[in-house]
Amino acid sequence: MPRLARLGLVAAGSAVGLGVLFPGLAHAHGFGERYDLPVPLYLYITGAGAAVAFSFVVIGLFVRATSGPHDYPRVNLLRWPAGRALVHPAVVHSIKAVAVGLYALVILAGLIGDASPVDNLAPTMVWVIWWVGLAYVSALVGDVWALINPWGTIFDWAERLYRRADDEGELSFGYRYPDRLGVWPGVLLFLGFAWVELVYGDSSVPGRIAQLVLAYSLITWGGMLLFGKDEWLRRGEAFSLAFGLLARFAPTEIRVLSYGPCDSCPLSCRAGDGRCIGCGNCFGRAPVDERELNLRPFAVGLIRSEAVSWSMMAFVLLLLAMVTFDGFIATPFWADIQNSLYDAIPDLTSIRALALLASPFVFIAVYLGFSTLMAVSSGARPLVGDLARTFVYTLVPIALAYHLAHFFSFLLIQGQLIIPLASDPFGFDWNLLGTAGYRVDIGIVDARFAWITAVVAIVIGHIVAVYLAHAIALRTFSERWPALRSQVPMLVLMVGYTMTSLWILAQPIVIEA
Amino acid sequence: MRHIYKKTVAAVLTFAIALALAACGGGDPEEHTFDLRVEGGALTEGASLLEVKKDDMVTITVFADEHISFHLHGYDIEKEAAPGEPATLAFTADATGSFPFTIHVGAESHEGEAGHDEDEESHDEGEGSHEGDGDGAEDGDHEEEVEIGRLQVQPR
């Protein structure tokens with residue numbers, strides 16, 4: 001048998017062996033089993049090679065380009081009746097109402113439904129349809145979460161009721177959100193979510209899910225009461241931040257042309273050049289002829305000329321760390337590390353929790369290290385902190401591509417559970433829509449198709465990332481050669497990150513549920 | 001710039017298609033028989049990693065020294081084995097993937113699996129009921145399920 005195949009078998013065998021040693025851990029990951037086959041070596045190598053090769057193509061473009069792209073092509077969908085129908089208040093409010101209904105249904109299912117995760121709507125809806133599915137939609141379609149966020153909708157309804165009593169009132173204690181806090185509350189809450197998904201052993205238990213959702217609801221509404229709904233959504237609501245970040249990659253945006261609504265917008269929604277993009281608040285209040293719902297190229301929402309805040313940089317790196325950690329903890333390599341740490345810390349949950357906590361710091365340290373190299377290579381001596389905070393979005397396409405690749409089969413297989421659950425959300429043997437007997441088809445996506453999709457996605461994510469970084473470099477540095485030189489360390493970082501993503505996909509899955 | 005963008009997209013697509021074509025395998029479906037022996041709750045004889053290709057016909061026979069329940073996840077086939085009465089699973093591996101198989105001591109079949117039945121051809125997804133078994137399970141106190149191996153079905 002070829003040597004590589006033998007190595008693969010040994011790796012897989014030890015993976016299984018470890019699974020026997022730690023059977024109890026087999027369930028700690030959101031919800032749902034995974035049947036992914038590791039990406040074979042020839043695809044891994046081809047993908048890695050392609051990523052590197054195409055990087056040089058992109059660099060070549062920028063070496064020869066006469067001027068950097070300053071604005072991107074856009075098509076305003078509101079020019080057509082179909083587009084206008086999409087933003088019609090009736091449509092918008094119906095969608096919001098459905099979202100609130102699903103939210104309530106999930107909580108109800110968690111509280112009173114069957115305790116078995118497969119027979120209950122809550123685990124599938126939360127971990128598959130919402131967390132994984134909505135990530136796909138946010139990145140590939142647009143910032144749908146900003147529209148369907150049930151916490152925002154319910155708060156809006158409460159505020160409207162409140163206004164019936166007090167005309168001018170705002171449902172808020174009106175505290176000014178301290179600017180220095182940035183998005184740190186969101187960072188902390190997202191870290192908490194990461195812990196629930198990746199460490200917490202009961203994450204698939206319906207009752208627990210309901211409790212966690214309720215707890216998070218209280219926190220969110222509390223934040224909204226203190227600082228106002230929009231301010232909290234922008235600073236502290238972890239999922240608005242996460243899905244909003246992914247949506248920057250998406251090919252749609254909402255935009256307001258005039259400045260009127262923005263002046264009274266509680267958020268400083270205008271980017272440095274005075275354009276109001278992605279502000280739902282302004283969009284809702286702007287006159288119809290000054291609104292745009294644009295189709296745009298992918299990823300342009302990630303290009304920016306100014307630095308984001310330190311807390312936002314931390315959030316982005318936390319998201320990246322979480323996405324990578326998710327895959328990393330299923331590898332035999334991590335299982336070995338866990339094994340060796342077990343003597344010192346005889347509790348697997350604690351080991352994993354510590355590793356989760358360490359991962360964003362590792363990412364931040366590595367990223368700041370490479371930012372320093374970027375500053376040095378450019379020869380222009382910019383501030384490392386400014387550079388780091390300006391370029392941080394460019395890594396998002398790589399993480400996004402890995403996330404999509406990693407969950408592709410999972411979404412298609414476990415997502416099918418929603419079909420029988422739609423007929424029997426509580427596990428009470430109902431059959432509302434006639435689909436309760438539906439059996440999941442595990443062969444819905446062939447492994448080879450999944451592999452190729454994954455590798456192609458990762459290569460594309462890498463190319464986009466390299467392109468974005470070069471585009472931003474040309475805007476950040478006043479001269480071309482310092483800009484291009486600064487990108488050499490960035491390219492190394494990106495190639496490293498892409499290789500890591502491919503490597504994880506090529507590992508046999510260990511101790512995964 | 002724009003026509004170079006188009007060229008890059010074309011190149012990536014060609015690359016993807018080339019990958020897909022280059023990777024297409026062939027061959028006729030084969031038959032595979034695996035004998036596993038479980039003693040003391042662990043696999044003592046037989047491979048823990050069973051490799052087959054898509055559409056192969058697979059027969060797994062499980063010999064046990066006590067009354068156990070053998071469950072192949074994904075395909076969701078569950079059979080009981082007892083001393084002197086080995087369990088036999090026979091099916092066509094028509095779905096690719098890496099599927100764990102587990103045992104648990106005792107005769108109860110798992111409650112709470114969506115549409116679970118013992119039909120060999122069913123590909124039911126009954127996995128979630130084994131997750132979170134530590135605290136929330138309501139299906140009595142049967143023993144914890146232990147993974148003893150995996151069936152890997154490679155694409156053709």
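No lab work stands behind these numbers, since they all come straight from the coordinates. Here the structure is a predicted model, which means the values were calculated and not measured. Virtual Cβ from ideal backbone geometry, glycine too; neighbours counted across all protein chains shown.
At most 13 other Cβ atoms within 10 Å and a DSSP loop assignment: could you name the chymotrypsin sites (Phe, Trp or Tyr not before Pro) in the range A:105-207 that fit? Here the chymotrypsin sites (Phe, Trp or Tyr not before Pro) that fit, given the DSSP loop and packing criteria, are A:PHE173, A:TYR175.
Neighbour counting of Cβ atoms within 10 Å sorts the residues B:ILE77, A:ILE95, fewest neighbours leading, into A:ILE95, B:ILE77.
Most tightly packed first, judged by the mean number of other beta-carbon atoms within 10 Å of their residues, the peptides A:46-56, A:75-85, B:81-91 read A:46-56, B:81-91, A:75-85. Distance from the C-alpha centroid of the range A:302-333 to that of the range A:98-128: 29 Å, rounded to the whole angstrom.
Please state, as a whole number in µm²/s, the translational diffusion coefficient that the Stokes-Einstein equation yields for the range A:187-329 at 10 °C and 1.306 mPa s, with Rh defined as the Kirkwood radius across alpha carbon pairs. Before the final figure, lay out each step's value.
Numbers: Rh = 17.1 Å.
Calculated translational D: 93 µm²/s.
For the segment B:93-103, counting C-beta atoms of other chains within 10 Å of every residue's C-beta and taking the mean gives 6.
Residue by residue through A:460-472, how many Cβ atoms from other chains fall within 10 Å of the Cβ on average?
Values: counts 4, 0, 0, 3, 0, 0, 0, 2, 0, 0, 0, 0, 0.
Other-chain Cβ atoms within 10 Å of each residue's Cβ, averaged: 1.
Between B:ILE17 and A:LEU354, what's the calculated FRET efficiency when r is the beta-carbon distance and R0 is 45 Å? Round to 0.05. The computed FRET efficiency comes out at 0.50.
So, by mean Cβ neighbours within 10 angstrom, what's the order for B:54-67, B:93-106 with the highest one leading? Please report the intermediate quantities before stating the final value.
Details: B:54-67: 18.1, B:93-106: 22.4.
With the highest mean Cβ count within 10 Å placed first, the list reads B:93-106, B:54-67.
For the segment A:446-454, counting C-beta atoms of other chains within 10 Å of every residue's C-beta and taking the mean gives 5.
Just want to confirm a number: the relative contact order over the range A:353-468, from Cα pairs under 8 angstrom separated by 6+ residues, in percent. Kindly include the intermediate steps, with their values, before the conclusion.
Values: 87 pairs, mean separation 32.7, N = 116.
Relative contact order of the range A:353-468: 28 percent.
Between A:VAL366 and A:LEU214, the modelled label-to-label distance comes to 4.0 nm, taking each label 7 Å out from Cα in the direction of the beta carbon. To the nearest 0.05, what FRET efficiency results for A:ALA344 and A:TRP195 with a Förster distance of 25 Å applied to their C-beta separation? With a Förster radius of 25 Å, E is 0.75. Classify the range A:345-462 from the C-alpha gyration tensor, please: rounded if a/c falls under 1.5, else prolate or oblate depending on whether a/b exceeds b/c. Prolate, because a/c is 1.5 or more and a/b exceeds b/c.
Which is the longest part of chain A that has none of the GluC sites (Glu not before Pro) sitting in a DSSP loop with at most 12 other Cβ atoms within 10 Å? Answer - A:307-478.
Is any helix in chain A, taking whole DSSP H runs, at least 18 angstrom long along its axis by alpha carbon and on average at least 0.5 on the Kyte-Doolittle scale, and which ones? Before the final figure, lay out each step's value.
Numbers: long enough: A:3-21 (27 Å, 1.44); A:41-64 (35 Å, 1.79); A:89-112 (34 Å, 1.96); A:150-165 (23 Å, -0.73); A:184-198 (21 Å, 1.55); A:206-227 (32 Å, 1.18); A:310-328 (26 Å, 1.84); A:348-378 (44 Å, 1.63); A:396-414 (26 Å, 1.51); A:447-476 (43 Å, 1.63); A:480-505 (37 Å, 0.82).
Result, helices passing both filters: A:3-21, A:41-64, A:89-112, A:184-198, A:206-227, A:310-328, A:348-378, A:396-414, A:447-476, A:480-505.
Go through the range A:157-263 and name the trypsin sites (Lys or Arg not before Pro) that are in a DSSP coil and have 10 or fewer other Cβ atoms within 10 Å of their Cβ. Each step should come with its number before you reach the end.
Values: sites: A:ARG160, A:ARG163, A:ARG164, A:ARG176, A:ARG180, A:ARG208, A:LYS229, A:ARG234, A:ARG235, A:ARG248, A:ARG255; in loops: A:ARG176, A:ARG248.
Passing sites in the range A:157-263 are A:ARG176.
Sorting A:ILE209, A:ILE419 by the number of Cβ atoms found within 10 Å of their own Cβ, with the fewest placed first, yields A:ILE419, A:ILE209.
Label-to-label distance, A:GLU159 versus A:LEU181, with points set 7 angstrom from Cα along the beta-carbon direction: 1.7 nm.
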